[in-house]
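**Q** Structure provided below as structure tokens; questions to follow.
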Amino acid sequence: MGSPGRWGYPDRVTSPGKSLLDKSLLDKVWDAHAVRELPSGQTQLFIGLHLIHEVTSPQAFAMLREAKLPVRFPSRTFATVDHIIPTESQRRPLADELAEEMLVALERSCAEHRIRLFDPGSGKQGIVHVIGPELGLTQPGMTIACGDSHTSTHGAFGAVAFGIGTSQVADVLATQCLALARPKVRRIEVTGKLRAGVYAKDVILTIIRRLGVQGGVGYAYEYAGPVVDAMTIEERLTLCNMSIEGGARCGYVNPDEATFDYLRGREFAPKGEAFERARAAWRAAASDPGARYDDRVEIEGSALAPAVTWGIHPGQSVAVDEKLPRLAEVPATERAAAAEAFEFMGLRPGEPVAGTRIDVAFIGSCTNGRISDLREAARVARAGRVAPHVKALVVPGSQAVARQAEAEGLPEVFRAAGFEWRQAGCSMCLAMNPDKLVGRQLCASSSNRNFKGRQGSPTGRTLLMSPAMVAAAALRGAVADVRELL
Ligand code: SF4
């Protein structure tokens, strides 16, 4: 595998004006993977791990076929099926003909190029950003690319990971390299300690609300501070997942003992002595204590409350115990967008967000479809039953998550409370499968985007929140403060 880069970290210093002792992880990983600087000022960057899925790879494989090019490093490329896969029955052939065609196309391309595919029959299928980490493919110090915006997720391990477009997928398949501009680095320190009922999802929604959905453009976000240090790897995955929603193409957490403990024993992680050698290299990839940053931001973690979005981008959120903003309180530059959001959402400025009636509750996605998310949601689900007017879905992020949940009896907890228990996939996050909102339904969702039409209906509406908050909303039939149920 591609860690820790071809030259290792300590002995190559190409970041302009930086010494050995003041480099951020971003600079170290970038320098270790730089093939050369291009006349454009960009870097030709070697990609350690390339993850692909059925939606953004077909055109890329077609481009390769047309150019008669092989895949340069099949052993660094891994595929799964997630976006189009149905979650009620994954029996082949899939009921939807187009979905079956897309899966067959991926199977053919992977067979032709000797790429490992985790299909539904493998027992390892799932959302690309869930299976990479759980299989140990995602490792510290790597460069990782995938034709999906939420590739930033993998930064939780101290990898530099970013989403790419279809033509770039073809570039990586053919050359294992990309031409990219080095981002600046903003360190975001979350101080204090999170209170009960406040999760990584609330931290990242608050960061995006504070810095804006464009605030991270041109930056990589380095998340740090006591709250981040205390987070589990799964919580860090949630945090990094939504970096792109704040405009930062990648976000990362410096690797530490929690990272190494998570990786030990995973299928694709190094074993035995190789693990110990890798661990030393992974540790060396972390930002130096004297690292210099292009910007620094501090967020007081102890002051955070559960967050809920009310608008049509993830920056439009409030704490669950707050009222929706009045237009006069919104900065002038954001007022038109806020007015548009209120009109689309059918919500009124100045009203409390708690009590907003919902129609659908969705727990899943690459943001919050991991076992710890399902455990927290089940803890809430034990407190009651889903309101009669609410359709509630729980969709594990991978087959491995589903197996673990089954071993812990979580499906029974959810079913007893009135939730549907489904099979692994992206489900209602993007609704490229049968799980869709209908008409103007309002959905409490643990996913990452609340854009107009995101969940399958052009007029469907999305409120983003943590999985525990979604479970609380399902039980109450309306947005509720999960802290009252825990
Ligand atoms: S769960 Fe949603 S955001 Fe994540 S990969 Fe699937 S469609 Fe994309």
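The values are calculated or read from the model by the stated rules, or taken from the named source; none is laboratory data. These numbers come from a predicted model, not from an experiment. Positions of Cβ are generated from backbone atoms using ideal geometry, with glycine treated the same way; all protein chains shown enter the neighbour counts.
**Q** Would you mind stating whether P396 is closer than 17 Å to G369 by Cβ, within 16 Å of the ligand (Cβ to nearest atom), not hydroxyl-bearing (S, T, Y) and not assigned by TED's automatic domain parsing to the domain that holds I204?
**A** Numbers: closer than 17 Å to G369 by Cβ: yes; within 16 Å of the ligand (Cβ to nearest atom): yes; not hydroxyl-bearing (S, T, Y): yes; not assigned by TED's automatic domain parsing to the domain that holds I204: yes.
It is true that P396 is closer than 17 Å to G369 by Cβ, within 16 Å of the ligand (Cβ to nearest atom), not hydroxyl-bearing (S, T, Y) and not assigned by TED's automatic domain parsing to the domain that holds I204.
**Q** Now for a different question. Give the residue, chosen from R375, R335, that is more than 16 Å from the ligand (Cβ to nearest atom), modelled with pLDDT of 95 or more and touching a Leu at 6+ places or on another chain (Cβ under 6 Å). Write out each step before concluding.
**A** Working: R375 fails: touching a Leu at 6+ places or on another chain (Cβ under 6 Å).
After ruling out the rest, the residue left standing is R335.
**Q** Something else about it: Only residues that are among the small types (G, A, S) and outside any loop (DSSP other than H, G, I, E, B): list them for the stretch 45-102, please. Spell out the reasoning first.
**A** Filtering the stretch 45-102 down to residues among the small types (G, A, S) leaves 48, 57, 60, 62, 67, 75, 79, 89, 95, 99.
Scanning the stretch 45-102 gives A60, A62, A67, S75, A79, A99.
**Q** Further question: Does the stretch 88-97 include one or more residues that are under 16 Å from the mean Cα position of the chain (by Cα) and either closer than 30 Å to E257 by Cα or surrounded by fewer than 16 Cβ atoms within 10 Å (Cβ to Cβ) (or both)? Give the derivation first.
**A** Quick first cut of the stretch 88-97, residues under 16 Å from the mean Cα position of the chain (by Cα) only: none.
Looking for residues that are under 16 Å from the mean Cα position of the chain (by Cα) and either closer than 30 Å to E257 by Cα or surrounded by fewer than 16 Cβ atoms within 10 Å (Cβ to Cβ) (or both), one finds none in the stretch 88-97, hence no.
**Q** Among the residues in the stretch 465-485, are any modelled with pLDDT under 95 and more than 18 Å from H150 (Cβ to Cβ)? Working first, answer last.
**A** In the first step, residues of the stretch 465-485 are kept if they are modelled with pLDDT under 95; the result is 485.
The next check asks that each one be more than 18 Å from H150 (Cβ to Cβ); those that pass are 485.
Within the stretch 465-485, one or more residues are modelled with pLDDT under 95 and more than 18 Å from H150 (Cβ to Cβ).
**Q** Can you find a residue in the stretch 348-363 that is closer than 24 Å to K452 by Cβ, part of a loop (DSSP other than H, G, I, E, B), within 16 Å of the ligand (Cβ to nearest atom) and modelled with pLDDT of 95 or more?
**A** Going residue by residue through the stretch 348-363, those that are closer than 24 Å to K452 by Cβ are 348-363.
Checking the rest, the ones that are also part of a loop (DSSP other than H, G, I, E, B) come to 348-351, 353-356, 358-359.
Filter again for within 16 Å of the ligand (Cβ to nearest atom), leaving none.
There is no residue in the stretch 348-363 that is closer than 24 Å to K452 by Cβ, part of a loop (DSSP other than H, G, I, E, B), within 16 Å of the ligand (Cβ to nearest atom) and modelled with pLDDT of 95 or more.
Every residue, every condition in (1) over 17 Å from the mean Cα position of the chain (by Cα); (2) assigned to a strand (DSSP E or B), yes or no:
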{"residue": "G141", "(1), (2)": "yes, no"}
{"residue": "A161", "(1), (2)": "no, yes"}
{"residue": "Q168", "(1), (2)": "yes, no"}
{"residue": "D171", "(1), (2)": "yes, no"}
{"residue": "L178", "(1), (2)": "yes, yes"}
{"residue": "R182", "(1), (2)": "yes, no"}
{"residue": "R186", "(1), (2)": "yes, yes"}
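**Q** In addition: With respect to A284, is the statement that it is more than 22 Å from S446 (Cβ to Cβ) and modelled with pLDDT of 95 or more true? Explain how you work it out, then say what you get.
**A** On the way: more than 22 Å from S446 (Cβ to Cβ): yes; modelled with pLDDT of 95 or more: yes.
Yes; evaluated as a whole, the condition is true for this residue.
**Q** In addition: Given the criterion aliphatic (A, V, I, L, M), in contact (Cβ under 8 Å) with a residue 12 or more places away in the chain and within 16 Å of the ligand (Cβ to nearest atom), identify the matching residue among V401, V390.
**A** V401
**Q** To continue, here is another question. Give the stretch 126-164 a look and list any residue that's within 14 Å of the ligand (Cβ to nearest atom) and surrounded by fewer than 24 Cβ atoms within 10 Å (Cβ to Cβ), or say none.
**A** The answer is S149, G163, I164.
**Q** Where in the stretch 207-274 are there helices (runs of 4 or more DSSP H), lying wholly inside it, with at least 2 residues that are under 16 Å from T367 (Cα atoms) and within 16 Å of the ligand (Cβ to nearest atom)? Talk me through it step by step, then tell me what you get.
**A** Details: elements: 226-229, 233-241, 257-263.
Hits in the stretch 207-274: 233-241.
**Q** Could you go through the stretch 108-117 and let me know if any residue there is away from the ligand (no atom under 13 Å from the Cβ), polar (S, T, N, Q) and modelled with pLDDT of 95 or more. Can you show your working first?
**A** Just the residues of the stretch 108-117 that are away from the ligand (no atom under 13 Å from the Cβ), to begin with: 108-117.
With polar (S, T, N, Q) added as a condition, the list becomes 109.
Among the residues that remain, those that are also modelled with pLDDT of 95 or more are: 109.
Within the stretch 108-117, one or more residues are away from the ligand (no atom under 13 Å from the Cβ), polar (S, T, N, Q) and modelled with pLDDT of 95 or more.
**Q** In the stretch 405-451, how many residues are away from the ligand (no atom under 16 Å from the Cβ) and part of a loop (DSSP other than H, G, I, E, B)?
**A** Of the residues in the stretch 405-451, 8 are away from the ligand (no atom under 16 Å from the Cβ) and part of a loop (DSSP other than H, G, I, E, B).
**Q** Working only within the stretch 203-221, note down all residues that are in contact with a helix residue (DSSP H, G or I) (Cβ under 7 Å, 6 or more places away or on another chain) and more than 24 Å from E322 (Cβ to Cβ).
**A** Hits for the stretch 203-221 are A220, Y221.
**Q** With respect to G216, is the statement that it is free of Cβ contacts under 8 Å to residues at least 40 places away in the same chain and surrounded by 20 or more Cβ atoms within 10 Å (Cβ to Cβ) true? If you could, list the steps in order and put the result at the bottom.
**A** Numbers: free of Cβ contacts under 8 Å to residues at least 40 places away in the same chain: yes; surrounded by 20 or more Cβ atoms within 10 Å (Cβ to Cβ): yes.
Taking the combined requirement at face value, the residue satisfies it.
**Q** Here's another thing I want to ask about it. Which pairs have Cβ atoms under 8 Å, sit 6 or more apart or on different chains, and link a residue in the stretch 279-294 that is assigned to a loop (DSSP other than H, G, I, E, B) to one that is among the hydroxyl-bearing types (S, T, Y) and surrounded by 17 or more Cβ atoms within 10 Å (Cβ to Cβ)?
**A** Sorted first by the residue in the stretch 279-294, then by its partner, the pairs are S287/S24; D288/S24; A291/S24; R292/S24; Y293/S24; D294/Y219.
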